[in-house]
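The values are calculated or read from the model by the stated rules, or taken from the named source; none is laboratory data. What you see is a predicted model, and the numbers here were worked out from it, not measured in a lab. Counting neighbours? That spans all protein chains shown, and the Cβs are built from the backbone with ideal geometry, glycine included.
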Amino acid sequence: MAGLKLLDERRRQVFEKGSEPADFEIACGKPSLSGAVSQRACVFCGSRVVLYPIADALHIVHGPVGCAAYTWDIRGSRSSGPELHRMSFTTDLRETDVIYGGEKKLEAALRQLIARHNPKAAFVYGTCVVGVIGDDVDAVCNKMSKETGIPVIAVHSEGFKGTKKDGYKAACDALWRIVDSGEVTGEEDGLGPDSSRGVRGGRRASSASGRSPSSELGKRPYSINILGEFNIAGEAWILKEYFRKMGVEVVSTFTGDGRIDEIRNARTASLNLVQCSGSITSLAKRMESEYGIPFIRVSFFGIEDVSKALYAVADAFKDNKDIMARTRALVSEELAALLPQLEKYRKDLTGKKAAIYVGGAFKAFSLIVALRHIGMSVVLAGSQTGNKDDYETLKEICDDGAVIVDDTNPVELCKYMLEKKVDLLIGGVKERPLAYKLGVAFCDHNHERKIPLAGFEGMVAFAKEVHASVMSPIWKFAPRMASEVKA
Amino acid sequence: MNLKSTSKTKFTTEPGREVTQDACRLCSPLGACLAFKGVEGAVTILHGSQGCATYIRRYLISHFREPIDVASTSFTEETAVFGGKSNLLAGLDNVSRQYSPQLIGVATTCLSETIGDDVAAVLRDRVPANPEETCKVLNVSTPSYCGSHADGFYRAVRSLVTSLTEPAHETFNRRLNVFPGMASPADLRWLKRVLKDFGLEATVLPDYSDTLDGGLWSSYERIPSGGTTLEAIRAMGSSECSLEFGHALNPLDSAAVWLEENRGVKRLLTGAPLGVAASDLFFHRLQALTGCDFPAELQAERGRLIDAYADGHKYVSGKRAAVYGEADLVATLALFLLEIGVIPVLCAAGGPVNAFRDVMKGLVPDLEERGMEIMSDADFDHIEQATARIGVDFMIGNSKGYKAAKRLGVPLVRVGFPIHDRFGAARNRLMGYEGTQRLFDDLVNTLLSHNQEASGLGYSYM
């Protein structure tokens, strides 16, 4: 295995902390190498994951059947009400549609579905074929928006037009159309007639004149939006409870347990928290420049990061001393309950080694710190979509000897898991069988998971998950362990 | 535009069917990825966007719970504009370097088909970067806008045969080709054992019984061991006959048809051996080929199955079922259900299958009298509506019918692909008396469990 060489083109996307050349700079943000078996998906995937949890919107995939079929109800994003997001709709383009165009079919599909399901908005995801047969998806969306009175928004997510990150951007553009729908004046926007906008009219009466400075927006005091929070296994509800206790209003979450009307109200919040920064920072920046809503980057994974995030919010509202006092009380109460529970896990896990491969680098930072809390060190870390700064940070917080990878593949992951003798891999469904095949424990930290891992209680759940897998007695039967015993 | 669909399957949309809601099929490249997993030393590369490979891997992995590496030519905007040739060549070289495969199967996607990439021409002219490369490269056309994953599967199997199987100089008795279709790894293992027990030298294609259901590794296996060998595929022309399991598969996508027409190997088409009658037929065929007596062990298995039918018949007799999924599986299951006294009141093929009603009518001539409705190109919305209208006691098919079954309040017997919400899908058995036994037990227990749960009486004796 040691003899396994990296593909030449991949050499600048992998390094070992402490052993890299002085002038080494990681190459990242590149399209995946052809033939390399990247764990990444595509532009469509990026858009789909960000918008997916909006539960009262229709999500229709314009293209052949696959893209919709593979993304049907695959995530653990929960809704407290409607569940339209858990259904799969597609124009299911056929050969004749590819020849003659799919616009008419899309139009008919939207007409049928909007009448049947009464969504608050519709997102139309363009897939690869649509990008090359030249369907004017925007025109169809505009037309159907006028006809049905709800925003019908084209999401330009053709799979080949960039990486997953470009899909995030397309999703943010689509979200912006909802957030900013008060600005709409013309007919080219596809956001429907005035009748559809009554919902938040009252709240934003003072801003009806257009791009108002934030002071005119009728901001709600001590209120936040949580961006990049997808309510996996109800995580947003855990966070909302913390903020309720702190006396901070959560106006909307993007997009966990999402509702179109809530998203429209987002501009009335005083502060944006950005969690999954890779996916949604562009929207936060836009809201900052257009509405003057500042944003802070946070993470709700791991004790330190949750506490830091809550204090950061309290700090942003420091003119209200009660909030800080309540935050302190909340954090110490939670920690008092949490720390003894973690201790038993830490006792068993101390000295174990972990590998992390996740979509966004920001999550990796939190996981490294969280793992340290239960006695584990990270010897291999990487992400699908990290940027240079992310990898700099990753390098800083990892120990010497840790391998850092960008857009890796099964061959590399397995090579380093074995070389570094890891006890645990944290990743998603595609990484899971790699770990198990090698006799390595696994923790699912992707969007398919059904167990909440955010917040203080999420930390306990995380420790329990890791412990259950790492400490399982079955690994002694793994060939890897058997050969170690022999040696 | 490079539209190469050679079959007459309907690839158009009927009026009023502009939407597919909760599809009961996957796209054709998935089937090709599955089929190529059954060849020794093979790696699939999907010619299209990175997402196709990743989504398909995720989908297959969730069913088989095994590492499944599928490469992609990772199209970018430039690739889509200028064609995928350079990406394909680079991808092939990288797969070759990283995996040292014996075979690379190139499957197209909607994107590469639509822009008109001529993959065959690229492969014909290709000079590998590594002059020592010995791997065979072949291609299959699997545009996602044509047919379903089942079509992609059959097409990939056919492409293996058309690209590899050599003209034979002689025919060997007791040498047999078997095309089992989308069988589970456990069924493939059973099939191989039975064929061997009958003294047959059989080539089962594809055979992912080890690659998709194997043991743990001590070091990373770039390509898991197992699969039909290239040598065996090359020699398929020398077999006495080909046994192909299926009822609805398009002859133009059939590997056995190609072998019959081009290599003179007689094709025997038969349904998969599920149920007493279908298993009897299968074993009689094997007996005819070998002259073997019916093994006592099989006789005993058959006896136990019929005994189980007797013990369990009252639980299932007269029950009504909705069957859905790949057309061939639906037909096979329908025949089994009829055999045990269940009426398959709805038989729904998820893919657009040409003349599926005629196929079913051929198998069950009195299907109208039996009250059987036949649907093709059905999504779960159609299936749910029809099931609600017709009324059933249970549904049987892949795990994606769970939501419909739950809403309808009827139990679901999970069979086929995918099974994403239960454990052990790779080890599900359907074939032979023993496989039928497992399915029958499962079916009866599902109905018993449903009745038990539904009753407030808490019977512990059913």
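Identify the single condition in (1) farther than 23 Å from B:Asp328 by Cβ; (2) touching a residue at least 40 places away in the same chain (Cβ under 8 Å); (3) over 21 Å from the mean Cα position of the chain (by Cα); (4) away from chain A (no Cβ under 14 Å) that B:Glu231 does not satisfy, given that it satisfies every other one.
It fails just one condition, (2).
Given the condition over 23 Å from B:Val161 (Cβ atoms), touching a helix residue (DSSP H, G or I) at 6+ places or on another chain (Cβ under 8 Å) and among the acidic types (Asp, Glu), answer yes or no: does some residue in the stretch B:84-107 qualify?
no
Conditions (1) outside any loop (DSSP other than H, G, I, E, B); (2) over 21 Å from the mean Cα position of the chain (by Cα); (3) within 11 Å of chain B (Cβ to nearest Cβ); (4) more than 25 Å from B:Gly152 (Cα to Cα), marked per residue:
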residue: A:Lys30; (1), (2), (3), (4): no, no, yes, yes
residue: A:Ser34; (1), (2), (3), (4): no, yes, yes, no
residue: A:Arg40; (1), (2), (3), (4): no, no, yes, no
residue: A:Gly46; (1), (2), (3), (4): yes, no, yes, yes
residue: A:Gly66; (1), (2), (3), (4): yes, yes, yes, no
residue: A:His85; (1), (2), (3), (4): yes, no, no, yes
residue: A:Asp92; (1), (2), (3), (4): no, yes, yes, no
residue: A:Thr96; (1), (2), (3), (4): yes, yes, yes, no
residue: A:Lys104; (1), (2), (3), (4): yes, yes, yes, yes
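Which of the strands (runs of 3 or more DSSP E) found entirely inside the stretch A:383-455 contain at least 1 residues meeting this: of a type in the set (Val, Ile, Thr)? Even if it seems obvious, please write down each step before you answer.
Numbers: elements: A:403-406, A:424-427, A:441-444.
Fully inside the stretch A:383-455 and qualifying: A:403-406, A:424-427.
With the checklist (1) modelled with pLDDT of 95 or more; (2) touching a Ser or Thr at 6+ places or on another chain (Cβ under 6 Å) in hand, flag the one item A:Leu380 doesn't pass.
With respect to (1) modelled with pLDDT of 95 or more; (2) touching a Ser or Thr at 6+ places or on another chain (Cβ under 6 Å), A:Leu380 is out only on (2).
I'd like the full set of residues that are among the small types (Gly, Ala, Ser) and within 27 Å of B:Gly271 (Cβ to Cβ), limited to the stretch B:211-247.
Step one: list which residues in the stretch B:211-247 are among the small types (Gly, Ala, Ser), which gives B:214-215, B:218-219, B:225-227, B:232, B:235, B:237-239, B:242, B:246.
Within the stretch B:211-247, B:Gly226, B:Gly227, B:Ala232, B:Ala235, B:Gly237, B:Ser238, B:Ser239, B:Ser242, B:Gly246 meet the criteria.
Would you say A:Ala55 is in the same structural domain as A:Pro151 (by TED's automatic domain parsing) and aliphatic (A, V, I, L, M)? Don't jump to the end; show me each part of the working.
On the way: in the same structural domain as A:Pro151 (by TED's automatic domain parsing): yes; aliphatic (A, V, I, L, M): yes.
So A:Ala55 passes the test.
Listed here are the residues, each with its yes/no results for (1) closer than 30 Å to A:Val411 by Cβ; (2) modelled with pLDDT of 95 or more; (3) surrounded by fewer than 21 Cβ atoms within 10 Å (Cβ to Cβ).
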{"position": "B:Asp207", "(1), (2), (3)": "yes, yes, no"}
{"position": "B:Ala235", "(1), (2), (3)": "no, yes, yes"}
{"position": "B:Leu268", "(1), (2), (3)": "no, yes, yes"}
{"position": "B:Ala272", "(1), (2), (3)": "no, yes, no"}
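Tell me, which helices (runs of 4 or more DSSP H) lie completely within the stretch B:44-136 with 2 or more residues that are more than 11 Å from chain A (Cβ to nearest Cβ) and at pLDDT 95 or above? Spell out how you get there, then give the answer.
Working: elements: B:50-64, B:77-82, B:85-99, B:110-114, B:119-125.
In the stretch B:44-136, the matching helices (runs of 4 or more DSSP H) lie at B:119-125.
State which residue is nearest to B:Ser141 (Cα to Cα) when the search covers only the stretch B:45-67 and only residues that are within 17 Å of the chain's Cα centre (by Cα) and β-branched (Val, Ile, Thr).
So the residue we want is B:Ile56.
Whether any residue in the stretch B:179-196 is among the β-branched types (Val, Ile, Thr) and touching a strand residue (DSSP E or B) at 6+ places or on another chain (Cβ under 7 Å) is what I want to check.
Of all residues in the stretch B:179-196, those among the β-branched types (Val, Ile, Thr) come to B:194.
Now restrict to residues that are touching a strand residue (DSSP E or B) at 6+ places or on another chain (Cβ under 7 Å): none.
Checking the stretch B:179-196: not a single residue is among the β-branched types (Val, Ile, Thr) and touching a strand residue (DSSP E or B) at 6+ places or on another chain (Cβ under 7 Å).
If we keep just the residues of the stretch A:48-64 that are of a type in the set (A, V, I, L, M, F, W, C) and within 11 Å of chain B (Cβ to nearest Cβ), which is farthest from A:Leu93 (Cα to Cα)? Quick ask: steps written out before the conclusion?
Pass one, the stretch A:48-64, residues of a type in the set (A, V, I, L, M, F, W, C): A:49-51, A:54-55, A:57-58, A:60-61.
Of the ones still in play, those that are also within 11 Å of chain B (Cβ to nearest Cβ) are A:58, A:60-61.
Numbers: A:Leu58: 18, A:Ile60: 12, A:Val61: 10 Å.
The selected residue is A:Leu58.
What is the residue count in the stretch B:425-451 for residues that are over 18 Å from B:Gln299 (Cα atoms), among the hydrophobic types (A, V, I, L, M, F, W, C) and not in a helix (DSSP H, G or I)?
0
Which of the residues that make up the stretch A:147-169 are in contact with an Asp or Glu (Cβ under 7 Å, 6 or more places away or on another chain) and either buried (at least 23 other Cβ atoms within 10 Å of the Cβ) or closer than 26 Å to A:Arg111 by Cβ (or both)? Spell out the reasoning first.
Start the filter on the stretch A:147-169 by keeping residues that are in contact with an Asp or Glu (Cβ under 7 Å, 6 or more places away or on another chain), which leaves A:154, A:160-161.
Result: A:Ala154, A:Phe160.
Within the stretch B:349-361, does at least one residue satisfy the condition of being assigned by TED's automatic domain parsing to the domain that holds B:Ser317, free of Cβ contacts under 8 Å to residues at least 60 places away in the same chain, closer than 19 Å to B:Ala277 by Cα and surrounded by fewer than 24 Cβ atoms within 10 Å (Cβ to Cβ)?
yes
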